[in-house]
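The values are calculated or read from the model by the stated rules, or taken from the named source; none is laboratory data. All values reported here derive from a predicted model rather than from experimental measurement. Heads up, the Cβs are rebuilt from the backbone with ideal geometry, glycines too, and the neighbour counts pull from every protein chain shown.
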């Protein structure tokens, strides 16, 4: 991955893929890499919040245009920093903490009951 300028997530946008969350995206962001993904619902929702990658309809021409656009900004230091900051919000330790809080909040006999 160190030698990649742009990382890709070329999943088909099918009914079966509507809930998939590609974990590669966070790995790519942690490396500060530019990303182009097909416009999966979860990826588009994530990107609407953070604006750190490019989404494309699943057509070869559009996907290539998106890659070419990302190549122009792939090594921008400010964007690399932003990508890494977004990835840090979703590291596994933070995910486990968030899940643990949710479980604790919903266990019977807890102060919230």
Query raised in the report: Would it be correct to say that residue 64 is modelled with pLDDT of 95 or more, over 23 Å from residue 91 (Cα atoms) and exposed (fewer than 14 other Cβ atoms within 10 Å of the Cβ)?
Result: yes
Requested in this report: Take residue 72 and decide whether it is modelled with pLDDT of 95 or more and either on the phi < 0 side of the Ramachandran plot or out of contact with any helix residue (DSSP H, G or I) (no Cβ under 8 Å at 6 or more places or on another chain) (or both).
Outcome: yes
Report summary line: Taking segment 57-78 and keeping residues touching a strand residue (DSSP E or B) at 6+ places or on another chain (Cβ under 7 Å), in a helix (DSSP H, G or I) and more than 26 Å from residue 18 (Cα to Cα) leaves 71, 73
Query - Residue satisfying all of: in segment 18-42; assigned to a helix (DSSP H, G or I) and surrounded by fewer than 23 Cβ atoms within 10 Å (Cβ to Cβ); nearest to the chain's Cα centre (by Cα) among these - result: 26
Query - Count - residues of segment 79-95 that are closer than 18 Å to residue 53 by Cβ and in a helix (DSSP H, G or I) - result: 10
Report summary line: Reported set for segment 47-68 where residues are under 9 Å from the mean Cα position of the chain (by Cα), more than 13 Å from residue 84 (Cα to Cα) and touching a residue at least 24 places away in the same chain (Cβ under 8 Å) is none
